[in-house]
Amino acid sequence: MKLASVILDIPTQALDAPYTYRVPDDVAEGDYPIEVGCAVVVPLGSRQVVGFVVEMGEFEPDQIPGGLDPSKLKFIKRAVSSSYFDEEGAACAQWLSERYIAPLSACVRLFTPPGGVPRMVRAQGGYWRLEQPAIGEVDDRWVKLGPTAAEFEPRKNAVKQIQILEALQRGELRVTELSYEFGNVSSALKSLAEKGVVEIERRRRMRGMAASAAADVAAAPNCSHLQLTDGQQKALDAISAACAKNDGSVVLVDGVTGSGKTEVYLRAIQDVLAKGKTACVLVPEISLTPQTVARFRGRFGDQVAVMHSRMSAGERYDQWDFVRSGAARVVVGARSALFTPLRNLGLVVVDEEHEGSYKQDSAPRYHARDVAIWMARRAGAAVVLGSATPSIESLYAAAKDPQWTQVSLPERANGKPMPEVTVIDMAAEFKGGSRSMFSQQLSKALEEELAAGHKAVLLLNQRGFAKFVLCRDCGFVPTCPSCSTSLTYHERGNLLACLHCGHRITAPATCPECGSPYLRKFGAGTQRVEDDLRALIAGFESVGDVPVIRMDADTTSRKGAHQSLLEEFAAAPVAVLLGTQMIAKGLDFDDVTLVGVINADTQLHLPDYRAAERTFDLVEQVAGRAGRAELEGRVMVQTYEASSPAIRAAATYDRASFLRDELPKRKVLGYPPYVRLANVLVWGASEADVRAYAEQLHDEVAARVRDYAVGNWQVLAATPCVLGKLKNTYRWHILVKAPLEADVSAVLLPLFRARKADPTVSVAVDIDPNDLL
């Protein structure tokens, strides 16, 4: 008999396992075939539910896996979709579920099309009915002249028929276009079609694709004829060697901003396509600019599919289906692009691989870099990780893992030097009497560049939610005596607390170091900065009216706003671009000569072990926006921590000195790359229930580690998260530290699979967390 393993599309722990069903011998006419990857309707108790087929096979009645009684197996009712994924997709979903201790249904959902899948809904009267997704294919009706058009003579009073035929003399048209021009044309078209005068056919319309693709191809510079630099050629050779191994080898392309990493990617993809294989390019959402997309479409034309959140659900569905059809051979997108149905994979590129957005913050909490490597090893493909500031974990892996190769591109492709970075001590500015958020040096530089007809980019580093207390007189920030991390300000109770060990003190009224009353919670919104910036520019005597273009979550929320703001900045002869993280990467404007970081301290004082690394990355990345062409650039970094090793190292492009300061701290305190982490999150509506459950769960995790783990593991006490309350839920966590070679998931998975769900408290496990906030 033929059996199928089905994952039910019900996100509950009690049903989180494959269920075995019999596959009917016959499929009703018009129904989809039952195959791996399709959605099916199956019986579950007294009702019917939707699930996904993840495995199929033929078995003798006495050889059914698990010793199931064949007489008790129920039949699949029918398939309700075509196949969304193949056996490899099913295997990946299973691996994701085990690696990240996530619900199987959530992992399978990653491989389904944007816009939803069929589902069972309760109708009036209490019965269940199947509801198809609202998003699907869109067909246009096209009209062209038919075989009898030449001899057909319409009646003189058949005005619409005459108008339609005259319009069609110029070529085929959509029915909607004819309706727009001549009103309701349905009856006239029906009459003409019955006589063979016109032919009407349905054609698939790809939403939003034609116009954008054509614009991308037209706008993209083609550098395929240019000779590669020595560094680029070495990188390309390393990628070619990795592809030839067919074993999932990883190449870390460590290149400064402007070193031509994208051109290396393009040529590597070109080689892969020539061998009949496909490529997937992952780009952080904030870096997925129209400029980036244009580079790939300009080189590979209509073979490129693009997936990102600024597209409508219909556009994303069409791109996903474009990949499934096999017509797309290159996929460019954010982390979810990794799960599109791309066949015969030859290369995965993870650009800006250090970016935190590659880590999903909801189940399954996967890291796209690690999933890409797993997929590549299964497919015999190669992985390219590119960055001007590779993550410390990737640098460590490249030094230790024989399957990793690191290639450096230390110089810009055009031979121009990296811009000089000036660190401005805002504490000294404050002592000198300045109360402006713009230092005198930055203000002067801004006036000079604008007067010269150049452009400037100002970054307001607002990433992160935690507020830290800072003395504006001496720059002092209260830190934990045990953990060397800043204390986070909590409104409730007026407390300063440590994320890692729970140390708490009352927030001081004056600075403990210098006695100054100028203690402030650090941070300013982009709107306030924009107002102050406009006022500053208005006071420049040598500068006229200069547009200030603000890019943040508010101004880019509307569809197309991101692109239109960048186009506005590009078109202006002189302008200032003010924005948050989204302007730090992926932008390439030849006439930007000044980059200013208004507040480099925001990330530095987040109570997280990656704070210094993120600050170093940001300063070095944003510095790369200046002086990318003939005009020289300069960078101004404002900070109250002018002596910070991270900021000083980034200002001199000296990664080695940063690592010499950072790595010993990580090793002593027990953080990656020297250990692996698992963060067990507990949340609920009652603070007392969450605390009690977290403390009980801590004991269970500690017992599990003690009984089954090998090596030096640590299970830290249950403590409140930094965001102790979020959306009316209280949050606690338990941090588990394990040896680098340990299989953390294998130890913890059985405990959490067997755990009974609690109606008042939710639990999730974050394997290899990107932060501990």
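Quick notes on this structure:
- Taking the criterion of being surrounded by fewer than 19 Cβ atoms within 10 Å (Cβ to Cβ) and either farther than 13 Å from GLY724 by Cα or out of contact with any Phe, Trp or Tyr (no Cβ under 9 Å at 6 or more places or on another chain) (or both), the residues of segment 689-703 that qualify are ASP689, ALA692, GLU695, GLN696, ASP699, GLU700, ALA702, ALA703.
- Of all residues in segment 45-67, those that are within 17 Å of GLU131 (Cβ to Cβ) and either of a type outside the set (D, E, K, R) or part of a loop (DSSP other than H, G, I, E, B) (or both) total 5.
- Of the candidates ASP401, ASP351, ASP361, ASP321, the single residue that is closer than 24 Å to VAL36 by Cα and open to solvent by 10 Å² or more (accessible area, probe 1.4 Å) is ASP321.
- Hits in segment 744-760 - residues which are out of contact with any helix residue (DSSP H, G or I) (no Cβ under 7 Å at 6 or more places or on another chain) and surrounded by fewer than 20 Cβ atoms within 10 Å (Cβ to Cβ): ALA746, PRO750, PHE752, ARG753, ALA754, ARG755, LYS756, PRO759
- Which listed residue is assigned to a helix (DSSP H, G or I), touching a residue at least 24 places away in the same chain (Cβ under 8 Å) and open to solvent by less than 20 Å² (accessible area, probe 1.4 Å), from ALA612, ALA649, ALA642: ALA649
- Lone qualifier among ALA219, ALA210 - being aliphatic (A, V, I, L, M), at pLDDT below 80 and closer than 20 Å to GLY171 by Cα: ALA210
- Annotation note: Cβ proximity below 8 Å between a residue of segment 242-267 that is open to solvent by 10 Å² or more (accessible area, probe 1.4 Å) and polar (S, T, N, Q) and a residue that is at pLDDT below 95 and assigned to a helix (DSSP H, G or I) (sequence gap 6+ or interchain) occurs for THR262/THR292; THR262/ARG295.
- Unique match (being over 30 Å from LEU15 (Cβ atoms) and either in contact with an Asp or Glu (Cβ under 8 Å, 6 or more places away or on another chain) or modelled with pLDDT under 95 (or both)) among LEU677, LEU659, LEU723, LEU716: LEU723
- Residue match in segment 412-429 (condition: touching a residue at least 40 places away in the same chain (Cβ under 8 Å), under 27 Å from the mean Cα position of the chain (by Cα) and under 30 Å from ALA629 (Cα atoms)): yes
- Residues located in segment 409-438, provided they are more than 18 Å from GLY596 (Cα to Cα), touching a helix residue (DSSP H, G or I) at 6+ places or on another chain (Cβ under 9 Å) and open to solvent by 30 Å² or more (accessible area, probe 1.4 Å): PRO410, GLU411, ALA413, GLY432
- Some residue of segment 562-573 being modelled with pLDDT under 85, part of a loop (DSSP other than H, G, I, E, B) and loosely packed, with under 14 Cβ neighbours inside 10 Å: no
- Among the residues making up segment 301-318, a single one is surrounded by fewer than 20 Cβ atoms within 10 Å (Cβ to Cβ), at pLDDT 90 or above and either of a type in the set (S, T, N, Q) or not in a helix (DSSP H, G or I) (or both): GLN303.
- Segment 146-170, residues that are in contact with a strand residue (DSSP E or B) (Cβ under 8 Å, 6 or more places away or on another chain), in contact (Cβ under 8 Å) with a residue 24 or more places away in the chain and among the small types (Gly, Ala, Ser): GLY146, ALA149
- Failed item, numbered, when ALA623 is tested on (1) touching a strand residue (DSSP E or B) at 6+ places or on another chain (Cβ under 7 Å); (2) at pLDDT 90 or above: (2)
- Of the residues making up segment 49-71, one or more are open to solvent by less than 30 Å² (accessible area, probe 1.4 Å), out of contact with any Gly (no Cβ under 7 Å at 6 or more places or on another chain) and not hydrophobic (A, V, I, L, M, F, W, C).
- Complete set of residues in segment 34-48 that are surrounded by fewer than 17 Cβ atoms within 10 Å (Cβ to Cβ) and either small (Gly, Ala, Ser) or on the phi > 0 side of the Ramachandran plot (or both): GLY45, SER46
- So LEU577, is it part of a loop (DSSP other than H, G, I, E, B), in contact with a Phe, Trp or Tyr (Cβ under 9 Å, 6 or more places away or on another chain) and crowded, with 24+ Cβ neighbours inside 10 Å: no
- Selected residue (only one of ALA106, ALA149, ALA123, ALA93 is modelled with pLDDT under 85 and among the hydrophobic types (A, V, I, L, M, F, W, C)): ALA123
- Pairs with Cβ under 8 Å, 6+ apart, first in segment 744-773 and in contact (Cβ under 8 Å) with a residue 12 or more places away in the chain and closer than 20 Å to GLU687 by Cα, second in a helix (DSSP H, G or I) and of a type in the set (A, V, I, L, M): ALA757/ALA14; VAL761/VAL690; VAL763/LEU697; VAL765/LEU748
- Selection within segment 721-743: residues that are closer than 25 Å to PRO673 by Cα and free of Cβ contacts under 8 Å to residues at least 40 places away in the same chain. The member of this set that is surrounded by the most Cβ atoms within 10 Å (Cβ to Cβ) is ASP743.
- Qualifying residue in segment 280-287 (condition: in a helix (DSSP H, G or I), surrounded by 23 or more Cβ atoms within 10 Å (Cβ to Cβ) and in contact with a helix residue (DSSP H, G or I) (Cβ under 9 Å, 6 or more places away or on another chain)): no
- Exclusive hit being at pLDDT below 80, open to solvent by 50 Å² or more (accessible area, probe 1.4 Å) and assigned to a strand (DSSP E or B), set ARG520, ARG492: ARG520
- Residue check for ARG704: closer than 30 Å to ALA612 by Cα, among the charged types (D, E, K, R) and not in a loop (DSSP other than H, G, I, E, B): no
- Residues that are open to solvent by 10 Å² or more (accessible area, probe 1.4 Å), over 15 Å from LYS277 (Cα atoms), in contact with a helix residue (DSSP H, G or I) (Cβ under 9 Å, 6 or more places away or on another chain) and not charged (D, E, K, R), drawn from segment 364-384: HIS367, TRP374
- The one condition in (1) more than 23 Å from the chain's Cα centre (by Cα); (2) assigned to a strand (DSSP E or B) that SER259 fails to fulfil: (2)
- Selection over segment 2-30 of residues that are at positive phi and surrounded by 14 or more Cβ atoms within 10 Å (Cβ to Cβ) gives a count of 0.
The values are calculated or read from the model by the stated rules, or taken from the named source; none is laboratory data. Worth saying up front: this structure is predicted, and the values here are computed from it rather than measured. Here Cβ is always computed from backbone atoms with ideal geometry, including for glycine, and neighbour counts include all displayed protein chains. Protein only, heavy atoms only, side chains kept; ligands, DNA and RNA dropped before computing areas. Shrake-Rupley method; radii C 1.70, N 1.55, O 1.52, S 1.80 Å.
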